[in-house]
Amino acid sequence: EGETVNCFGLTDRGVSRKENQDSFLIETCDKASCQILALCDGMGGANAGGLASQLSAKAFVNYAYHRLSTLPVRFSDYPRLMQEACEEANGVAYAYSQFGDNLTGMGTTLVAAIVRRNGSGWVLNVGDSRAYQLHRRGLRQISRDHSLVEELLEAGIITADQARTHPQKNVITRALGSEETVTADIFEVNLSPGDRLLLCSDGLSNIVPEDEISAVLSDSR
């Protein structure tokens, strides 16, 4: 339990968009000796996508924090708690999407993690925002995109090279806020001292090659 987990976040509009629809939150839960992280990338016209991402990140982190703050110390079913937090975030975004025509079609991706001080952790994702782990053996993608391109890739219809430039690479097959219920994927991770966990939107992973992501993470303190 003596290890420390350092967390940092950064969001940038970039050069091609008028607005940034990404949101992230980092919260420390001392009672459970863990960090709760959530990153969302919104979709939908006007301000709808930005609103969906902010609401969902906040709902996920708030739910997880309050549950972890009141549970017994020996609690172990983190995947179930994360699924419940995801359902809460989806419910909030879905409810807002019903409020008016200007919010119809709003939704967001979600990639989230709970990391304990001993390095054990869990990652949850909906959509195409990703989680990577950098360790001594290199960079590994933990999450799996819920996207049309990923399905085509897995079916062997397109190659990895074709996937990178596919005209429909922004089409996602799951999102928060678009249906009353949502199914997330959850992955267990174990971080060793010196490892890095990266949560990012497609604003990074679509633009920057993985070897470059790996190099920057390796060089950066």
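Which FRET efficiency, nearest 0.05, do Arg117 and Val208 yield, Cβ-Cβ r, R0 45 Å?
0.90
Which FRET efficiency value, to the nearest 0.05, is calculated for Val171 and Lys31 with the Förster distance at 41 angstrom and r the Cβ-Cβ distance?
E(calc), rounded to 0.05, equals 0.50.
What's the carbon and sulfur percent of the chain's accessible surface, probe 1.4 angstrom, rounded to a whole number?
For the chain, the apolar C and S fraction of the accessible surface comes to 48 percent.
With a 1.4 Å probe and all protein chains kept in place, how much accessible area does Glu212 have, in Å² rounded to the nearest 10?
Here the residue's solvent-accessible area equals roughly 100 Å².
For Asp185 paired with Ala155, estimate the spin-label separation in nm (one decimal), with each label point 7 Å from Cα along the Cα-to-Cβ line.
1.6 nm
Assign one of three labels to the chain, namely rounded, prolate or oblate, based on the Cα gyration tensor with a ≥ b ≥ c the square roots of its eigenvalues; rounded applies when a/c is under 1.5, prolate when it is not and a/b is larger than b/c, and oblate otherwise.
Taking the square roots of the gyration eigenvalues as a ≥ b ≥ c, the chain is oblate.
Measuring from label point to label point, each 7 Å out along Cα→Cβ, what is the Ala215 to Phe99 span in nm?
A separation of 4.4 nm, rounded to one decimal place.
Per residue, how much accessible area does the chain have with a 1.4 Å probe, in Å²?
Per-residue accessible area for the chain comes out at 55 Å².
Roughly how compact is segment 113-221, stated as its Cα Rg over 2.2 N^0.38 Å to two decimals?
This ratio for segment 113-221 stands at 1.13.
Nearest 500 deg cm²/dmol is fine: what mean residue ellipticity at 222 nm does the chain get from its DSSP H runs of n ≥ 4 alone, each adding -39,500 (n - 2.57), divided by its residue count?
On the way: 6 runs with 70 residues, N = 221.
It comes out at -10000 deg cm²/dmol, rounded to the nearest 500.
The values are calculated or read from the model by the stated rules, or taken from the named source; none is laboratory data. Please read all numbers here as calculations on a predicted model, not as lab measurements. Ideal geometry is used to build each Cβ from the backbone, glycine not excepted, and the neighbour counts take in all protein chains shown. SASA here: full protein model, heavy atoms, side chains in, ligands and nucleic acids out. Shrake-Rupley method; radii C 1.70, N 1.55, O 1.52, S 1.80 Å.
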